[in-house]
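So the structure is just underneath, and the comments pick up after that.
The values are calculated or read from the model by the stated rules, or taken from the named source; none is laboratory data. Given the structure is predicted, the values throughout are model-derived calculations rather than measurements. Every residue, glycine as well, gets a Cβ built from its backbone with ideal geometry; the counts of neighbours run over all protein chains shown. Please note that ligands, DNA and RNA were not included when accessible areas were found on the heavy atoms of the full protein model with its side chains. Shrake-Rupley method; radii C 1.70, N 1.55, O 1.52, S 1.80 Å.
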Amino acid sequence: MNLFKRVELWVLLAIVVGGLVWVFTSGPSEEEEGDTPPPRKTGTVVKGDPGKPLQVHRAVVERDFGNARLDIEARIQNSGSEKLVLQPPQVRLLTASGREIPGYFLPFEPQPEIAPGTTQDVQLRYWLEKKDLQDGLSLEVSGNKAAVKGATPFDLETLKNKEPKTFQPDGW
């Protein structure tokens, strides 16, 4: 029996091809566009902000047993002529002793970028060890520095596991 002589297979093939063409050529309706959440933004873009080139708004620490994830919310100004990708060596988190803290990233989440000539609010993530919290921490972006944590030692054991805690810069 030859399969291509059967009419029902040709009809089934035509339905499948038609369905594929319809799926790939039709866009979302206006009703569906309102239901979907907007894409994740890296921050607010402010053109020509005359303020400081680097401002740390707050730091959120989430303990993970003996380590912690640090989320830094900052406003960064890119006065250069090229986009600024917020990863080393342009952006570094340093301890008071000069040790560079490794960044924390998810594989499918792109690194934040700042267009030339703009200022943007961004979130940067770092992975801290217990010893990193015994010194001060400072964020360095293209030569500009801002304090994230003061020199006072911080005991990670005072935080509950997996519970985020918010701190003001230089206030912990």
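At-a-glance table
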item	result
Dipole of the range 131-172 [Lys/Arg +1, Asp/Glu -1 at C-beta], most positive-end residue of Phe167, Val148, Gln134	Phe167
Pair Lys5, Trp22: separation of 7 Å Cα→Cβ label points (nm)	3.2 nm
Total charge dipole magnitude, the range 45-157, about the Cα centre, Cβ charges on Lys, Arg, Asp, Glu only, Debye to nearest 20	260 debye
Inter-label distance, nm, simple model (7 Å from Cα along the C-beta direction), Phe167/Gln87	2.7 nm
For the range 45-157: lysine pairs under 26 Å (alpha-carbon distance), excluding those fewer than 8 apart on one chain	10
Solvent exposure of the range 45-157 as accessible area per residue, Å², 1.4 Å probe	51 Å²
